[in-house]
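Here's the structure we're looking at; comments come further down.
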Amino acid sequence: MLRLFLALLCALSLSLPLLSCKDEKNPVRQYGDTLVHGYQSAQKVEKDANLRQVQRRVYEFRATNERYPADLQELGAFTKAPIDENIYNYDPSTGIVTAK
């Protein structure tokens, strides 16, 4: 009986830290949440910066050729840097580039 009690007590003491992971004040969880948030913020900053860069390339093309590029492939050929058309929407009549 004493062994059973000690085994249950040991099992409970080992499982207690696992149960406490659900606590929002858990420093390990807070650290993980901070890392994830930082990573997501960095991805958004990178996406926004890339969009601005592509838009600048459109303006450079227009300044050189006095027209907007017909599509992103033509813009990529002009800048010698391929542009992934699956990431951006492009309107050749206005020269506006947006993220999909």
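Figure legend. Inter-residue proximity from segment 36-49: first residues part of a helix (DSSP H, G or I), second residues surrounded by 10 or more Cβ atoms within 10 Å (Cβ to Cβ), beta-carbon distance below 7 Å, spacing 6+ or different chains. Indicated pairs: Lys47/Ala99. Quick one: would you say Pro92 is more than 26 Å from the chain's Cα centre (by Cα) and surrounded by 11 or more Cβ atoms within 10 Å (Cβ to Cβ)? When the stated conditions are applied, Pro92 passes them.
The numbers here are math on the coordinates, done by the rules we state, and not lab data. Quick caveat: nothing in here was measured; it's all calculated off a predicted structure. Ideal geometry is used to build each Cβ from the backbone, glycine not excepted, and the neighbour counts take in all protein chains shown.
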